[in-house]
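Have a look at the structure below, then the notes.
The values are calculated or read from the model by the stated rules, or taken from the named source; none is laboratory data. As the structure is a computational prediction, the values presented were derived from the model and not from experiment. Here Cβ is always computed from backbone atoms with ideal geometry, including for glycine, and neighbour counts include all displayed protein chains.
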Amino acid sequence: MELKYYDKPWLSAIKGAFLIIFGILAILHIVGTIKSLAVLFALLIAMIGILMIAIGILNKKSSFRWWTIVAGAVNLAFCIFLAMNVDTAVSLTEARTKVTILIFVWIMFYAVTELVEAGLLYSLKNAFAAVFVINALLSFTFGYFLYVVAGNFTPQSVTYIGIIALVTGIVNELSAYLLSRIKE
């Protein structure tokens, strides 16, 4: 079985580390512009996309190989589109920008892919489907709060987004640990 990161817990760990760093930056109010947020997310999306495509290409025996490659290509497309629009970002006080909407759409896409993978694991009667459902729900929550707060970035709302990112990152780290404990 070769799903997005079922056998690759380091991908979940990298996403978790990114979200923990982002959460701390947001809680401490270090992230001052949407542009810096967009650059951070573009780096995360590019890394995930490249790793997924590489995993799909290198692992020729996987029955879910094409799912991994297509999901990686969609991630790279989001990264490229986000990078092309990063200059439209001005400041946190600006109303919903194209960049925040792109980040929101990517987070929703990522959450849906985790639900698809949970469904695949569930169909194989694998209990780790629950880990993917939890990550998807946390991603939906993070995306929802980002979308709601996007038009009204106050210090308090940025702190809330940071707390949600921090919790989501910690859960991703714990998920990576659980997935790394699987014995073949």
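Kindly establish whether Lys183 is modelled with pLDDT of 75 or more, basic (Lys, Arg) and in a loop (DSSP other than H, G, I, E, B).
no
In segment 116-143, how many residues are surrounded by fewer than 19 Cβ atoms within 10 Å (Cβ to Cβ), closer than 19 Å to Tyr160 by Cα and out of contact with any Ser or Thr (no Cβ under 9 Å at 6 or more places or on another chain)?
Looking only at that region, the number is 2.
Hey, among the residues in segment 99-133 that are among the polar types (S, T, N, Q) and modelled with pLDDT under 85, which one's nearest to Ser12 (Cα to Cα)?
The selected residue is Asn126.
In segment 138-156, which residues are part of a helix (DSSP H, G or I) and free of Cβ contacts under 8 Å to residues at least 12 places away in the same chain?
The answer is Tyr144, Val148, Gln156.
Given the residues Thr168, Thr159, Thr113, which is the only one that is surrounded by fewer than 17 Cβ atoms within 10 Å (Cβ to Cβ) and not hydrophobic (A, V, I, L, M, F, W, C)?
Thr159
From the residues in segment 33-83 that are in a helix (DSSP H, G or I), among the small types (Gly, Ala, Ser) and over 28 Å from Gly23 (Cα atoms), which one is modelled with the lowest pLDDT?
Filtering segment 33-83 for residues that are in a helix (DSSP H, G or I), among the small types (Gly, Ala, Ser) and over 28 Å from Gly23 (Cα atoms), the one modelled with the lowest pLDDT comes out as Gly56.
Can you name the condition, by its number, that Thr141 falls short on among (1) modelled with pLDDT under 85; (2) within 20 Å of Leu102 (Cβ to Cβ); (3) among the hydroxyl-bearing types (Ser, Thr, Tyr)?
Thr141 satisfies all of (1) modelled with pLDDT under 85; (2) within 20 Å of Leu102 (Cβ to Cβ); (3) among the hydroxyl-bearing types (Ser, Thr, Tyr) except (1).
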